[in-house]
Amino acid sequence: MKVRRSDRLIDMTRYLLERPHTLIPLTFFSKRYESAKSSISEDLAIVRRTFAQRQTGILETVPGAAGGVRYIPIMGEDEAEKFIAAMAKRLSETDRLLPGGYVYLSDLLGTPSVLRQIGRLIATQYRDAKVDAVMTVATKGIPIAQSVSQYLNVPFVIVRRDSKITEGSTVSVNYVSGSSARIEKMELSKRSLPANSRVLIVDDFMKGGGTVNGMKALIDEFNAEMVGITVFAEGKFDGDRMVNEYTSLIRVDKVDTKANTLHATAGNFLSQNQQLLEVSHQ
């Protein structure tokens, strides 16, 4: 049964949003709605224009017999700035400071709307990086990795500090904690990451960078390649971090342990991705 254009547009948009970075042939939509390819092309032009105007994403056309359309999620400059400013304000709230200079994030990282924004923002940075997997360490980084992997449409892998029988055989590395200078261990299942994978590291909070550096070492053990590091927030750290090239959405720049207060501001994400966000904005 043929489908009206208004109904096609709704169903087509939903289908595309649920399958980011997936090439969908025009013949699929033509058969799905029993419509001519010319009509489908007109529908996609409407979706493409609306996505661009609302900064929902890019609808990329791939020509040729094996071509089709691909939805690339993005976040524009204005929305990114507003979201990061809102998160910095939330992190500056009283009573968020924890012992050791860490920041309480569970309420934010347990909010689906916040996680969707984090995932879409980070996915915007790596939309052209050909990421094969998103890596994080248990436990607070898991919701971030899941959100980013959803928008990039790739698997996410979880590094653990102790082995689980359900993981099977594992590869482990020892690393130096950047904040405490202690020797720690982390492990990853051998089945989690194929060789030559391109891996994006994400985490919730970084101080000295020891944990992230440990994940870098694990990636090397799997003969894989790291394509980038992005953390939701970085803490104030006196000394040299173990990683230099990374992006952070939020930066905690002032900490008063006596008054139990802190102040957060935008991290380096906006400045590092200014050109990319400007393109997204157009």
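Derivation of every value follows stated rules applied to the coordinates shown; laboratory data play no part. Everything numeric in this text was worked out from a predicted model, so none of it was measured.
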Pairs to check: 130/190; 236/258; 82/207; 164/190; 82/236; 140/185. Give those whose C-alpha atoms are more than 20 Å from each other in this structure.
130/190; 82/207; 82/236
Angle between the Cα long axis of helix 77-91 and the longest principal axis of the chain, 0 to 90 degrees, nearest 10?
30 degrees
As a test, work out the antiparallel percent of DSSP beta bridges whose residues both lie in segment 197-282, rounded to the nearest 5.
35 percent
For helix 5-17, what angle does its Cα long axis make with the longest principal axis of the chain, in degrees from 0 to 90 and rounded to 10?
30 degrees
Angle, helix 112-125 long axis vs. longest principal axis of the chain, Cα atoms, 0 to 90°, nearest 10?
80 degrees
Prolate/oblate/rounded label for segment 5-73 (Cα gyration tensor, a/c 1.5)
oblate
Mind checking which lysines have their C-alpha under 24 Å from residue 37, skipping anything on the same chain fewer than 8 residues away?
2
Where both partners of a DSSP beta bridge lie in segment 224-269, what percent of those bridges are antiparallel, to the nearest 5?
60 percent
Additional length obtainable on full extension of the chain from residue 263 to residue 60, 0.36 nm per residue less Cα span
69.0 nm
The chain: antiparallel DSSP beta bridges as a percent of all, rounded to 5:
55 percent
Semi-axes of the equivalent ellipsoid for the chain, Cα gyration tensor, largest first, Å
38, 23, 15
Near residue 89, which aspartates and glutamates are there with a Cα under 16 Å away, not counting those fewer than 8 places off in the same chain?
79, 81, 107, 234, 253
Amide H to amide H under 5 Å from residue 247: which residues, 5+ apart in sequence or cross-chain, H placed 1.01 Å off N in plane?
229, 230, 231
In sequence order, what are the phi-derived ³J(HN,Hα) couplings for segment 37-53 according to the Karplus relation 6.51 cos²θ - 1.76 cosθ + 1.60 with θ = phi - 60°, rounded to whole Hz, with x for glycine and proline?
4, 5, 5, 4, 4, 5, 4, 5, 5, 5, 4, 4, 5, 5, 4, 5, 5
From DSSP H assignment alone, runs of 4+ in the chain each adding -39500 (n - 2.57), the sum over residues rounded to the nearest 500 puts [θ] at 222 nm at -11500 deg cm²/dmol
Using 0.36 nm per residue, how much length does the chain from residue 15 to residue 31 gain when fully extended, once their Cα-Cα distance is taken away?
4.3 nm
Stretched out fully, how many nm does the piece from residue 41 to residue 139 gain, at 0.36 nm a residue minus the Cα gap?
30.9 nm
